[in-house]
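The values are calculated or read from the model by the stated rules, or taken from the named source; none is laboratory data. This structure is a prediction, so every number in the text was calculated from the model and none was measured. Here the Cβ positions follow ideal geometry from the backbone for every residue, glycine too, while neighbour counts run over all protein chains shown.
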Amino acid sequence: MEGLCKRESSAKFEVANPVQPYTAESSGQFAPLVTVDCRGLEFINFDPRGVWTCKGAESGTIFPEVPLDEREWTDYDEKKACPVGIMEIESKWVRAP
């Protein structure tokens, strides 16, 4: 275990593959979000904490501060007069071919 402490590793976002939006068409399925070049490490989990921006699929309403720290979010879309939300966030890491 001691040798692992001295091992160098790095991760960087691939500029050629920018962050992709998750759309209503992807709902219920896994879809690419980001490509990361990893050297000497392997990601095992995705934590969506922080503030995200969401857009109403039918109304175009922008929700500029969506906190996903609890892995879910609900609000009300005034334009469509209906509740909106994000529930049951799941993720997986896939190695590039």
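What the table shows:
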read-out	value
Single condition Ser59 does not satisfy, out of (1) assigned to a loop (DSSP other than H, G, I, E, B); (2) under 18 Å from Lys92 (Cβ atoms); (3) at pLDDT 90 or above	(2)
Every residue from the range 69-97 that is surrounded by 10 or more Cβ atoms within 10 Å (Cβ to Cβ), under 14 Å from the mean Cα position of the chain (by Cα) and either of a type in the set (Val, Ile, Thr) or closer than 17 Å to Val19 by Cα (or both)	Ile86, Ile89, Ser91, Trp93
Sole exception among (1) part of a loop (DSSP other than H, G, I, E, B); (2) free of Cβ contacts under 8 Å to residues at least 40 places away in the same chain for Thr53, by number	(1)
Selection count, the range 1-56, where residues are of a type in the set (Lys, Arg) and either touching a Phe, Trp or Tyr at 6+ places or on another chain (Cβ under 8 Å) or modelled with pLDDT of 90 or more (or both)	4
Counted residues, the range 74-93 - those being of a type in the set (A, V, I, L, M) and touching a residue at least 40 places away in the same chain (Cβ under 8 Å)	1
